[in-house]
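The structure appears right after this line, and notes come after that.
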Amino acid sequence: MFRPIYLFILLFSLTGLTQGLVQAANLKPVTNDIAAPSLTLKDLKGEIHDLKDYKGQVVLVQFWATYCGPCRQEMPSMNKMMTKMGDTPFKILAVDMGETEAEVKQFVSEVKPDFTILMDEDGKSIEEWRVFAAPSNFIVGVDGKIKYTLFGGVEWDSDELIEKIKAVAK
């Protein structure tokens with residue numbers, strides 16, 4: 001079912017507002033004690049992932065779409081980030097925003113992410129997480145609370161950003 005929020009996300013993603021990748025300095029700390037909303041979705045193999053099962057790990061929850069230029073541009077740096085995180089308990093859950101499995105599988109075959117891709121075909125998670133742009137990123141701490149947010153693309157493997165995220169695991 002097409003919802004008006006998808007049109008807004010598409011328009012926002014296609015404008016100059018998200019062109020290019022932003023700097024790690026745009027990673028915004030969340031000063032309130034905010035628990036991450038629920039997130040229970042299937043991956044491309046049909047396996048269910050529940051964010052609650054990742055407690056004790058730092059999790060980058062990213063909402064993205066195949067039509068989002070910055071999303072495509074930043075995914076290789078997300079692969080590198082996974083390597084640079086070393087022994088840090090860290091996972092990426094990349095949530096596609098309302099597209100078909102066929103569209104996502106085609107994208108994945110081209111970009112080859114080394115992390116979990118989740119499907120939010122009905123857009124329920126977009127609403128629960130109050131996502132308004134692609135990509136929208138949330139760093140969830142080991143305690144299940146949101147520590148940082150970032151709206152727009154970024155070079156995830158930058159040393160500055162890696163250190164900020166590693167510090168969340170401590």
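No value in this document is a laboratory result; all are computed from the given coordinates. All of these numbers come straight from a predicted model, not from anything done at the bench. Neighbour counts are summed over all protein chains in view; Cβ atoms, including those assigned to glycine, are modelled from backbone coordinates with ideal geometry.
Here are the numbers for the structure shown:
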{"read-out": "Exposure proxy order (Cβ contacts within 10 Å, fewest to most) of Thr66, Thr83, Thr149", "value": "Thr83, Thr149, Thr66"}
{"read-out": "Label of the coordinate-derived value, Cα extents along the principal axes in Å, listed as (1) 41, 33, 32; (2) 51, 43, 29; (3) 48, 38, 27", "value": "(1)"}
{"read-out": "Residue among Gln57, Ile146, Val168 farthest towards the positive dipole end of segment 17-170, charges placed on Cβ", "value": "Val168"}
{"read-out": "Burial ordering of Ile117, Ile146, fewest other beta-carbon atoms within 10 Å first", "value": "Ile146, Ile117"}
{"read-out": "Per-residue HN-Hα couplings for segment 45-58 [Karplus 6.51, -1.76, 1.60; θ = phi - 60°; Hz; x = Gly/Pro]", "value": "9, x, 7, 8, 10, 10, 3, 4, 6, 9, 4, x, 10, 7"}
{"read-out": "Exposure proxy order (Cβ contacts within 10 Å, fewest to most) of Ser38, Ser109, Ser158", "value": "Ser109, Ser38, Ser158"}
{"read-out": "Using θ = phi - 60° and Karplus 6.51 cos²θ - 1.76 cosθ + 1.60, couplings along segment 115-120 (whole Hz; Gly, Pro as x)", "value": "9, 6, 9, 10, 10, 10"}
{"read-out": "C-alpha long axis of helix 159-168 to longest principal axis of the chain, angle in °", "value": "70 degrees"}
{"read-out": "The chain: antiparallel DSSP beta bridges as a percent of all, rounded to 5", "value": "55 percent"}
{"read-out": "Pairwise label distance in nanometres, Val108 with Asp159, each label 7 Å out on the Cα-Cβ vector", "value": "3.5 nm"}
{"read-out": "Qualifying trypsin sites (Lys or Arg not before Pro) for segment 24-70 [loop in DSSP, other Cβ within 10 Å: at most 11]", "value": "Lys45"}
{"read-out": "Restricting segment 84-164 to trypsin sites (Lys or Arg not before Pro) in coil, as DSSP defines it, with at most 13 other Cβ within 10 Å", "value": "Arg130"}
{"read-out": "Links that overshoot a 22 Å alpha carbon limit, given the list Lys80/Lys164; Lys42/Lys91; Lys45/Lys124; Lys45/Lys164", "value": "Lys45/Lys164"}
{"read-out": "Restricting segment 33-139 to GluC sites (Glu not before Pro) in coil, as DSSP defines it, with at most 11 other Cβ within 10 Å", "value": "Glu47"}
{"read-out": "Dipole magnitude of the chain, debye to nearest 20 (Cβ charges: Lys/Arg +1, Asp/Glu -1, about Cα centre)", "value": "360 debye"}
